[in-house]
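Down below is the structure, laid out as structure tokens.
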Amino acid sequence: MPSIPSYLTPLLALFASHGEAAYPVGGCVRDTLMGIPPHDWDVAVTTHPHDTMALCHDAGYRTVPTGLKHGTVTVLVPLSGDATDRDGPYEMIECTTCRTEGGYTDGRHPDTVAFTGLIEDDLSRRDFTVNAMALTVNAMALTRTEESLTVLDLFGGQEDLKSGIIRAVGDPDTRFTEDALRLMRGVRFAVKLGFAIEENTYAAICRRAEGLARISRERISEEFQKILTSPEPERGIQLLSDTGLLPYVLPRGISPMGTGDLSSLPADFTVRMACLLWEMDYDGVEENLAGLRLPNAVRKNILAITCSYIRTLRPDALCARRWRHGLGENTLPALAVRAARGDTAAVELAELVKASIESNEPVYISDLDIDGKDLIALGFKPGRLLQDILRDLLEAVWENPEKNTREVLIKEALRWKD
Ligand code: ATP
Ligand code: MG
């Protein structure tokens, strides 16, 4: 039997006591039925948005009109269960009026939404059966301590949850034509939950793939990042490729060597993406990344890691220092990617890099116990030669970190005088 958090009960009871209803709905129902704690609780309500605000406000809750046009009011629900509690911690609960959506002329958004207040309508507009369930709470039971919950499941979501199936609600072609982002959401939920995509739904994804061209790069990127950081990134990429969605996500495709062992890497977008694009030509990597509208820092890190495939790799201390110098904070991520690409020496080198970081070894010119000013004081002229000397001293210190003392470095530098 599913259960809901105790702080939510007074909110649901409030609606019931006014002859209205509030239903936990969507992802939180799916997760609860799977025994996974939901990261947030969404609630569908029968009241119109302004009435939702008034009802909650009058009961003492703080409310925020986050999306009245779409029917959404965010209610700050104190964990203590006391609506008037202003001091304790609270959860932000989105309460959205039950609605239907109509006319998707742009293949992205509904032209109209109608607040019908019927939970049946609200469940019908949702994407997949496992996402289209609500919990109904027995109003009588709410006044007692124990709740009595039943699952409102109009499309066989519980059955699909048991069998591990992603199935569109209603006619899949229609649903993917209405909103093409659902094409990627289908793949995302399949790899997030470890589910198969039902045959007709899968065939419709293949047929409608080009609809993705109408979806904004940002929304595509967001879904793709979730797919790549899921527990099954390789299958995610395979699904995107087999269904014909991949060209709309990564116009230049993936590494010529395949995906690599993505799931051996942490669920981190930067390292997994670098692994996916490993050994691709620079232009291809750049074009793929540009299409994903990533923050500049993320883009640069992925590029740096992806390009590190050309570096020599030997599991020794000198190589560890060279890698640290060349890759900075990307060193360990780059070695993890290299290992996921089958280079076992990368695992050994990573240990040496960790030891090098731990003991604070000098790896940059700025780590030297001497600088340009010291060299000028020794009679060297500022310019190219000075840079070469510092670089030479750094090489010497990489070979042997014990040389990093003023005395030794001055002696080495003076050899350039002749
Ligand atoms: P997650 O745990 O990843 O947040 P979720 O199921 O909560 O999963 P959301 O994207 O937060 O996913 O959406 C919440 C719910 O809203 C979904 O479960 C689904 O019922 C509905 N939904 C969201 N986006 C769409 C869409 N594009 N088309 C139809 N229904 C959608
Ligand atoms: Mg969610």
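The values are calculated or read from the model by the stated rules, or taken from the named source; none is laboratory data. Fair warning: this is a prediction, and the values are worked out from it, not measured in the lab. Positions of Cβ are generated from backbone atoms using ideal geometry, with glycine treated the same way; all protein chains shown enter the neighbour counts. Surface accessibility is based on the protein's heavy atoms, side chains included, excluding ligands, DNA and RNA. Shrake-Rupley method; radii C 1.70, N 1.55, O 1.52, S 1.80 Å.
Stretch residue 214-residue 344 to full length: gain in nm at 0.36 nm per residue minus the Cα-Cα span?
Net length gain for the segment: 42.5 nm.
Quick one: accessible surface of residue 311, probe radius 1.4 Å, all protein chains present, in square angstrom to the nearest 10.
80
With the contact rule set at Cα under 8 Å and sequence spacing of 6 or more, what percent relative contact order holds for the range 152-306?
20
Go through 333-342, 112-121, 94-103 and give me the packing order, highest mean Cβ count within 10 Å leading.
333-342, 94-103, 112-121
Report in % the part of the accessible area of the range 365-417 that belongs to carbon and sulfur, leaving out ligands and nucleic acids; probe 1.4 Å.
So the carbon and sulfur contribution to the accessible surface is 50 percent.
Which residue, 405, 357, 81, has the largest displacement toward the positive end of the dipole of the chain when charges sit on each Cβ (Lys, Arg +1; Asp, Glu -1)?
So the residue furthest toward the plus end is 405.
Can you send over the solvent-accessible area of residue 206, 1.4 Å probe, protein chains only, in Å² to the nearest 10?
Taking all protein chains as shown, residue 206 has close to 50 Å².
Checking the a/c ratio against 1.5 first, then a/b against b/c, what shape does the Cα gyration tensor give for the range 6-161?
In terms of gyration-tensor shape, oblate.
At a threshold of 8 angstrom on Cα-Cα distance, excluding pairs fewer than six apart, so keeping six or more, what relative contact order does the chain reach in percent?
Worked out over the chain, it gives 9 percent.
Lysines within cross-link reach of residue 411: Cα-Cα under 28 Å, excluding same-chain residues under 8 positions apart?
Output for residue 411: 373, 381, 403.
Apply the a/c threshold of 1.5 to the C-alpha gyration tensor of the range 250-358 and tell me whether it is rounded, prolate or oblate.
Judged from the Cα gyration tensor, the range 250-358 comes out prolate (a/c at least 1.5, a/b above b/c).
Nearest 20 debye, what's the magnitude of the dipole of the range 212-318 about its Cα centre given +1 on Lys and Arg Cβ and -1 on Asp and Glu Cβ?
Using only the charged Cβ atoms, the result is roughly 280 debye.
Can you sort 392, 179 by solvent-accessible area, 1.4 Å probe, largest first?
392, 179
Find the relative contact order for the range 6-161 and round it to a whole percent, using C-alpha pairs within less than 8 Å whose residues are 6+ positions apart.
RCO, the range 6-161: 23 percent.
Full extension from residue 113 to residue 58: what is 0.36 nm times the residue separation minus their Cα-Cα distance, to one decimal in nm?
17.1 nm
Ignoring any ligand, DNA or RNA, what whole percent of the accessible area of the range 250-358 comes from carbon and sulfur when the probe is 1.4 angstrom?
The C+S portion of the solvent-accessible surface of the range 250-358 is 52 percent.
Sum -39500 (n - 2.57) across every DSSP H segment of at least 4 residues in the chain, then divide by the residue count to get the 222 nm mean residue ellipticity, nearest 500.
Value at 222 nm, helices only, nearest 500: -13500 deg cm²/dmol.
Given the options 181, 274, 215, identify the residue whose Cα lies farthest towards the positive end of the charge dipole of the chain (+1 on Cβ of Lys, Arg; -1 on Cβ of Asp, Glu).
With unit charges placed on the Cβ atoms, the residue in question is 274.
Give me a comma-separated list of calculated 3J(HN,Hα) values for the range 284-292, in order, Karplus coefficients 6.51, -1.76, 1.60 applied at θ = phi - 60°, integers in Hz, x for any Gly or Pro.
These are the phi-based 3J(HN,Hα) values: x, 4, 4, 5, 4, 5, 4, x, 9 Hz.
For the chain, what is Rg from Cα atoms divided by 2.2 N^0.38 Å, rounded to two decimals?
For the chain, the normalised Cα radius of gyration comes out at 1.33.
Can you pull the accessible area of residue 416 for me, 1.4 Å probe, Å² to the nearest 10?
90
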